[in-house]
Structures are given as structure tokens and as C-alpha cells.
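Student: Structure in C-alpha cells, see below.
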């Protein structure tokens, strides 16, 4: 994270926006760009099939204050694939400021308050109904926006509460979120190279939990390498990307191979 910290300081000093840029915003920008360039990460499993999400979104929790009693808020934030770092940071900052001010514009909080008004028996029926229409892909966008587990990735910034490590988050049966990431506390460490020279680097533990059904292991490893490359070369986040096509799902590849084998057998019979 050394280059990322330098980048954030450079942006605050030479290209100030409407707020002080954060390392948290830089990490989320790198994550979003990774998903844009590795579109299979933006898939989810629903009703025993693999779907390509047609939007780019994130969710994270913000506490109003660092006390046990302070309420917390979360909301799904939407981004365009071509966005650069300052544009992404502005959206994230608005959500943080709104949450710390009480979350007056938070749709998730409003939805929770609305449903909790019903008796438990009716609430159970409503949950069953929502789960059903969500499974068949008929849940309205307003309902998905109110539910924080219908997004590309959920991120927990555990470093904000001074947790050095980043324990892995679990996945949920509910919703369509296939990626959960945790961030530990940013730490400065001293390293010694092969020649005995000492220097300091900024490091941060990252925990990643994902649904391995949306892609294969090789794709995931390459995606982590892409994320690391953006973290090490932050200036690339100031360039608008050329968005690649998502490509076929694993199920579609198998279907194509199966059809190709059948066609090959037919060709042999004809010859």
C-alpha cells in the first residue's frame, strides 16, 4: 500500500477535491476497477444458474460514532465502469457523510423500519414472498436497493476500529453478493533488502471470501494479481478504462464444448 498512500497524499496536496481523500476510497476504487477489468467477478448464483450482473455496486457499514451505542448504516452505492478515482471517491464520501449525520437518505434503514412494524407472522410471510420473487428474478430495484446484500461486493473496513488483521467474512444464502472483503489497519513496517538497506513500507491485511462457483481458481488468482497491480500503480485509476466483454460463464463453456462434440460426431457420420 506504499504507493497508494503516496498517491492519496499527492491528490490531497496537488488535486484537492470537495473533501480529503482517504486510503479507504483508494482501495475501493482499485477494487471496482479490478471488477471492471475482470467482469466474471461481477457474477452471482441464483436459482441454480449463473448470472452476469449488469451494474457495478458496493456496500459497506458506517457507524455514526466510535461508541458501542452509536447506530450503524449501510447502503448500496452504484458506479459507472468508466469512472476514475475522484469520481468514485466523491460518491463514497457523500455516503459516509450522510451516514455520520444520521443516515436520513438511507433507503436500507427506512426499509428495515418499515418491515419491523408488521407482526412476526406477517413478517415471515413477507420474507418468504420476497425470497421467492428474488429467486425468479422479479424483485424490483427499489427492494434490492433496500437490501444491502444485492451488490457486487461488500467491504468491511476493520482498520477503522483499529483491528490489525482482517478475518474472513462469511457468505450469505440470501441475496446475490458473491464477494466479501475485509480490510485491516494500515501499518508501517520496516524491511531490509538483500544488501542490508533498511526502508519502510505501508502494508494492510486483506481478507477475501468469494463464491467459487462464479469462476475458476485460475481466474480468481489472476484477479488478485490485477488488484495488487492497481494498488501498486495508483495513477492508472486516473485513466478511463476500456471495458472488456464479460465472456461466457463456466456453464456456457461446457454447453459450447458439448455442442462442439456433437457436431464433430455428426461430421464423422456424414463422411
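The values are calculated or read from the model by the stated rules, or taken from the named source; none is laboratory data. Because the structure is a prediction, the values reported are computed rather than measured. Methodologically, a virtual Cβ is constructed for each residue, glycine included, from the backbone with ideal geometry; neighbour enumeration extends over all protein chains shown.
Student: From (1) closer than 22 Å to residue 174 by Cα; (2) at pLDDT below 95; (3) touching a helix residue (DSSP H, G or I) at 6+ places or on another chain (Cβ under 6 Å), pick out the condition that doesn't hold for residue 64.
Tutor: Residue 64 satisfies every listed condition except (1).
Student: Here's another thing I want to ask about it. Can you run down the residue pairs with Cβ atoms below 7 Å, 6 or more apart or on separate chains, where the first is in region 123-139 and touching a residue at least 24 places away in the same chain (Cβ under 8 Å) and the partner is assigned to a loop (DSSP other than H, G, I, E, B) and surrounded by fewer than 11 Cβ atoms within 10 Å (Cβ to Cβ)?
Tutor: 135/47; 136/47
Student: Which of the residues belonging to region 112-146 are surrounded by 12 or more Cβ atoms within 10 Å (Cβ to Cβ), over 25 Å from the mean Cα position of the chain (by Cα) and assigned to a loop (DSSP other than H, G, I, E, B)?
Tutor: Of everything in region 112-146, just one residue is surrounded by 12 or more Cβ atoms within 10 Å (Cβ to Cβ), over 25 Å from the mean Cα position of the chain (by Cα) and assigned to a loop (DSSP other than H, G, I, E, B), namely 118.
Student: Also: Taking residue 232, is it over 21 Å from residue 56 (Cβ atoms), touching a residue at least 60 places away in the same chain (Cβ under 8 Å) and touching a helix residue (DSSP H, G or I) at 6+ places or on another chain (Cβ under 8 Å)?
Tutor: It is true that residue 232 is over 21 Å from residue 56 (Cβ atoms), touching a residue at least 60 places away in the same chain (Cβ under 8 Å) and touching a helix residue (DSSP H, G or I) at 6+ places or on another chain (Cβ under 8 Å).
Student: Across region 197-243, what is the total count of residues that are more than 22 Å from residue 24 (Cα to Cα) and part of a strand (DSSP E or B)?
Tutor: 2
Student: Being crowded, with 17+ Cβ neighbours inside 10 Å and outside any strand (DSSP E or B): is that true of residue 62 here?
Tutor: In short, no.
Student: Let me ask you something else. Just one of the numbered conditions (1) in contact with a helix residue (DSSP H, G or I) (Cβ under 9 Å, 6 or more places away or on another chain); (2) assigned to a loop (DSSP other than H, G, I, E, B); (3) within 28 Å of residue 78 (Cβ to Cβ) is not true of residue 149; which one?
Tutor: (1)
Student: Continuing with this model, one more query. Among the residues of region 249-271, is any assigned to a loop (DSSP other than H, G, I, E, B), loosely packed, with under 13 Cβ neighbours inside 10 Å and modelled with pLDDT under 85?
Tutor: Yes - at least one qualifying residue is present in region 249-271.
Student: Related question: Please work out which one of (1) in a helix (DSSP H, G or I); (2) over 30 Å from residue 5 (Cβ atoms) is the condition residue 159 fails and give its number.
Tutor: Residue 159 satisfies every listed condition except (2).
Student: Here are some conditions: (1) modelled with pLDDT of 95 or more; (2) outside any helix (DSSP H, G or I); (3) touching a helix residue (DSSP H, G or I) at 6+ places or on another chain (Cβ under 8 Å). Residue 57 meets all but one. Which one does it not meet?
Tutor: That leaves (3) as the condition not met.
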